[in-house]
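Notes for the one structure printed next.
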Amino acid sequence: MDSIKSSNYHDLGALSQLRNQAHIKPDQAIEKVAQQFESVFVQMMLKAMRETVPEGGLFGDEATKTFEQMLDSQLSVTLSEGGGIGLAPVIARQLKGNAGLEQFAKPNGDAGADALQLQLQQQRSSSLPNGR
């Protein structure tokens, strides 16, 4: 149970494994949750792209639609496991963000906490438009 590798989009057992892993190794669970969120996002994106194509023609029956949905679901899982579109690392960093800062926030106000606070203020001010 060191690593959860879900290579099929319909693997429902992976959710219970992920829940168990979240209690044992939260850092690995965060990365896997971010990867799964990216997979769902990619699947929604593929579905939206398919909806823009006009229906009808030679390949417009229900069997083809079902196959395309299955293909899109599996493709989204495969893409996210193979590096994805870059969304999973950003989500994982965001979820881990506050957990890593707690070690620097000392109640006695040491230099590490002051430096961290200054760094956070600089990041916030640089992310605002016109440096405000």
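The values are calculated or read from the model by the stated rules, or taken from the named source; none is laboratory data. Quick caveat, the model's predicted, so the values are computed rather than measured. Please note: Cβ atoms are built from the backbone with ideal geometry, for glycine as well, and neighbour counts cover all protein chains shown.
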Meets criteria (assigned to a helix (DSSP H, G or I), exposed (fewer than 12 other Cβ atoms within 10 Å of the Cβ), modelled with pLDDT of 85 or more and over 13 Å from the mean Cα position of the chain (by Cα)) for ALA99: no
Lone unmet requirement of (1) on the phi < 0 side of the Ramachandran plot; (2) at pLDDT below 90 for GLY57: (1)
Determine, yes or no, whether ASP72 is charged (D, E, K, R), in contact (Cβ under 8 Å) with a residue 24 or more places away in the chain and more than 16 Å from LEU15 (Cα to Cα). yes
